[in-house]
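Here's the structure we're looking at; comments come further down.
The values are calculated or read from the model by the stated rules, or taken from the named source; none is laboratory data. Being a predicted model, the structure only gives us computed values, none of them experimental. All Cβ positions, even for glycine, are placed from backbone atoms using ideal geometry, and neighbour counts span all protein chains on display.
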Amino acid sequence: MRFDRRDRGAVTLALSIAATTITTLPVFLTGALAVVIRRHLGLSSSELGLLVAGFFAAAVPSSLFIAPRVAGIGAERIMRLSGVAATLALVAIASVGGSFTVILVALIVGGVANGAMQPAVNLYLTSRVHLARQGFAFGVKQAAIPVSTLLAGMSVPLVALAFGWRYAYVGAAGIALVVTLLLPKYRQVDATAGPRSVKTTVVLKPLIFLAVGIGLGAGAANGLGAFFISSTVHIGVAAGTAGYMASIGSLASLITRVASGYFADRRSGNHFVVVAIMLSLGALGYILLSFGFRPLIVVAAVLAYAAGWGWNGVFNYAVALTHPEATGHATGITQAGAFAGSVFGPLAFGLIVDHLGYPSAWRFAAILVIFAALAVMRGRSLLLREIAQREG
């Protein structure tokens, strides 16, 4: 896989995935460690959902505010500041996170960092990776999410159960600090790395539908990230084993994101169609999880994580491809939708668990991704119509 040599493509990809990972660690670590944290702090499923919701709620205004300003401020500057904020959030939970309120405030800080990091990394990628390789690049960048959930899942048996849950946050803070120190300094670059012949402006209507689609899909997926281990423990699986299962699912999602990006570079189009198909397949994984049948858990987890949470790279690539002159702005709008859905999804999931149980919550997630697929297809239709009118 060859990238623009002047920009050291491998380093660009490594820094992109590392930067994105550290700003998602606070929330996914909290979700994975929930089974331990809840026992120590006496948190309900609804309160856990509120913690996750607080993280993503803070990311919405952050993403919307930063998105149109990324190019002016500098993607690298925003990445570094976001890394510092994520590190501080992890340190706060590790050191003084003895109550629901403290953890919520720390996660809000982490959410602001994540909201700013996403459009910054998207612009960082498109300004340094050749257009012909950007599908793969976005797949690798979005692999940060399953990397984060994989690390979070592994922290349960390897750190939390052995030494205590606070040490998992200490380790994560150390990783975040190292990554932040390695992030690049600001330098002025061309806004586009590859040849683009069509000047694209941001038209809100199709982006709103796409934002709704990614929001519904992300809402279901973040419910998966926050509650999979707790749900699996609820049906009698040991916490350590559940953590390993979550890691297997995360690995499947990671492979899917990278592979789907690789093949996106070899397709002439229909990227949003692929996203809709993957979302629909993810619904099957959520339905299987609703059965609570232990022999099916690994299969259900792989399907839910891979298909139901493996489409993000292709989605962001498609948005960037159709908005080459406004990548940070356009992906910031759709990412705000993802964050908004990630507020609603885990919060609703937690409420459903408390009142109706896990099976109903997983069926709710399946319904969300079906509507997500429909919204993505509607957004695609509007976007194609807009592009045709502009070129005509």
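Things worth noting here:
- In region 104-150, the residue that is modelled with the highest pLDDT out of those that are more than 16 Å from V258 (Cα to Cα) and of a type in the set (S, T, Y) is Y124.
- L251 fulfils the conditions (1) crowded, with 24+ Cβ neighbours inside 10 Å; (2) touching a residue at least 60 places away in the same chain (Cβ under 8 Å); (3) over 18 Å from T331 (Cβ atoms) except for a single criterion, (1).
- Across region 259-273, the number of residues qualifying as closer than 19 Å to A143 by Cβ and surrounded by 19 or more Cβ atoms within 10 Å (Cβ to Cβ) comes to 4.
- Members of region 14-32 found to be in contact (Cβ under 8 Å) with a residue 40 or more places away in the chain and farther than 15 Å from G110 by Cβ, listed by number: L15, S16, I17, A18
- Annotation: of all residues in region 222-241 being among the hydrophobic types (A, V, I, L, M, F, W, C), at pLDDT 90 or above and surrounded by 17 or more Cβ atoms within 10 Å (Cβ to Cβ), the one that is farthest from F293 (Cα to Cα) is L224.
- Boolean, A162 is hydrophobic (A, V, I, L, M, F, W, C), without any contact (Cβ under 8 Å) to a residue 40 or more places away in the chain and over 27 Å from T331 (Cα atoms): yes
- For region 162-177, the condition of being buried (at least 24 other Cβ atoms within 10 Å of the Cβ) and among the basic types (K, R) holds for none of the residues.
- Taking region 217-231 as the range and being under 16 Å from the mean Cα position of the chain (by Cα) and of a type in the set (A, V, I, L, M) as the test, the residues that pass are A218, A220, A221, L224, A226.
- Within the option set S253, S260, being closer than 29 Å to S44 by Cα and in a helix (DSSP H, G or I) holds for one residue only, S253.
- Flag for R80 being at pLDDT 95 or above and either of a type in the set (A, V, I, L, M) or more than 14 Å from the chain's Cα centre (by Cα) (or both): yes
- With a requirement of 2 or more residues that are within 11 Å of G111 (Cα to Cα) and among the hydrophobic types (A, V, I, L, M, F, W, C), the helices (runs of 4 or more DSSP H) lying completely within region 33-73 that satisfy it span 45-66.
- Looking at S99, S95, S44, S82, just one residue is crowded, with 16+ Cβ neighbours inside 10 Å and polar (S, T, N, Q), and that residue is S82.
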